[in-house]
Amino acid sequence: MYASASKDDRPAGKPWTVPELAAAKREGRKLAMLTCYDAGFARALDAAGIDLVLVGDSLGMVVQGRDSTLPVTVADIAYHTACVARGLSRALLVSDLPFAADADPVRALEASVAFLQAGAGMVKLEGAGHKLAVIRHLVEREIPVCAHLGLTPQSVLRLGGYKVQGRDEAAAARLREDARAVQAAGASMLVLECVPSGVAAAITADLDIPTIGIGAGPGCDGQVLVLHDMLGLDSGHRRPRFVKDFLAEGGSVAAAALAYAEAVREGRFPDAEHAYA
Ligand SMILES: Nc1nc(=O)c2c([nH]1)NC[C@@H]1CN(c3ccc(C(=O)N[C@@H](CCC(=O)O)C(=O)O)cc3)CN21
Ligand SMILES: CC(C)C(=O)C(=O)O
Ligand SMILES: [Mg+2]
């Protein structure tokens, strides 16, 4: 075991629980989340005091080298979830339901059970609409769910690219309604991706569940970044505005994770340079 490098007073090895997430929001404690795909990095992030670790379907792009997240399978996420789980003692592990695995409640339940049995504590799925019934189906069967709204990368073919969502008033109002709806359906947390800071702050104020932003400004209850992005690795794609290289200032993976966690907790990341107006 690494000695805990966390500056908070949470005992090393005491894992986060789902009810503690809403308590953190009520108490104004910001949540630091990073994606992770293997046990070695999981140990480093856990020791640095990262609160939430996501086995994201972004692994299709940063690990598998594909052009989108669409080819990622349930077996891929289950494999990486098992790898990451072995490296964690404190962080809450969230696993992405990949493209179409959440298309109906039965498939979604089957995949979610596999992820929880591999060590996840929560599953994440993109969208509202017909996904609200999927969220209810999972939550009624004791599976904690994180929702994901705004830029939903599994919608890339319909959207025609990775673009900021909720920019005009009508779209912002729809996003706010969807956010209320996923909370009402039973979601325990909500990722907001690529939405103007003001819209994300309004949604955060509307909800009792924590919001986790990526390109959604400083007004969210927590932040998430793709691990490779915060370590300054060139993805071979255009670098989104919200990405910051924490390895450059940290000097090591452990120091980068700690610098990220502290910047999120102290409200220094993201600043205006890493957000959309
Ligand atoms: N390495 C990596 N990091 C990510 O954050 C990420 C992935 N991969 N793969 C899946 C999606 C794709 N993501 C992206 C990709 C590009 C932009 C981007 O370039 N956005 C423009 C916004 C343009 C606009 O609408 O104004 C930008 O300038 O930031 C945003 C999110 C986020 N996700
Ligand atoms: C960037 C986060 C929110 C994600 O869904 C992923 O990594 O797949
Ligand atoms: Mg994802």
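Observations
- Solvent exposure ordering (accessible area, 1.4 Å, most first) of PHE99, PHE242: PHE99, PHE242
- Legend: distances between Cα atoms for LYS131/LYS244; LYS14/LYS131; LYS14/LYS124; pairs beyond 28 Å are LYS131/LYS244; LYS14/LYS131.
- Largest-first ellipsoid semi-axes for the chain, taking √(5λ) over the Cα gyration tensor eigenvalues, angstrom: 24, 22, 19
- Phi-based couplings in Hz for segment 216-225 (Karplus 6.51, -1.76, 1.60; Gly and Pro marked x): 10, x, x, x, 7, 7, x, 9, 9, 9
- Ligands, DNA and RNA aside, CYS83 has an accessible area near 20 Å² when probed at 1.4 Å.
- Global geometry of segment 50-166, whether rounded, prolate or oblate, following the gyration tensor of its Cα atoms and the 1.5 cut on a/c: oblate
- In the context of the full set of protein chains, residues of the chain present 42 Å² of accessible surface per residue (probe radius 1.4 Å, heavy atoms only).
- Over the chain, Cα pairs under 8 Å with separation of 6+ residues give a relative contact order of 19 percent.
- Approximate spin-label separation ASP104-HIS237, in nm, with each point projected 7 Å along Cα-to-Cβ: 3.0 nm
- Surface share of carbon and sulfur [accessible, 1.4 angstrom probe, percent] for segment 18-274: 53 percent
- Using a probe of 1.4 Å, the accessible surface attributed to GLU177 totals some 100 Å² when neighbouring protein chains are kept in position.
- Residue-wise HN-Hα coupling along segment 52-67, computed from phi with Karplus coefficients 6.51, -1.76, 1.60 (Hz; x: Gly, Pro): 10, 10, 10, 7, x, 6, 4, 4, x, 8, 7, 9, 8, x, 8, 8
- Around the amide H of MET189, modelled in the peptide plane, lie the amide H atoms of ALA147, all under 5 Å away and 5 or more residues distant in sequence or on another chain.
- Of the residues LYS14, LYS124, ranked by 1.4 Å probe accessible area with the largest first, the sequence reads LYS14, LYS124.
- Calculated from backbone phi, Karplus (6.51, -1.76, 1.60) coupling profile of segment 68-74 in Hz, x at Gly/Pro: 8, 8, 5, x, 5, 10, 4
- Remark: the chain carries a charge dipole of roughly 60 debye about the Cα centre, counting +1 on each Lys and Arg Cβ and -1 on each Asp and Glu Cβ.
- By a 1.4 Å probe calculation restricted to protein chains, ARG107 has an accessible surface near 120 Å², given to the nearest 10.
- Of the residues VAL123, VAL253, VAL145, the one that moves most in a GNM of the chain with alpha-carbon contacts below 10 Å is VAL253.
- Take the Cα of ARG174, step 7 Å toward its Cβ, do the same at ASP245, and the gap between the two points is 3.7 nm.
The values are calculated or read from the model by the stated rules, or taken from the named source; none is laboratory data. Bear in mind that the values here come from a model prediction, so they are computed numbers and not experimental data. Methodologically, a virtual Cβ is constructed for each residue, glycine included, from the backbone with ideal geometry; neighbour enumeration extends over all protein chains shown. The area values use the complete protein model at the heavy-atom level, side chains included, leaving out ligands, DNA and RNA. Shrake-Rupley method; radii C 1.70, N 1.55, O 1.52, S 1.80 Å.
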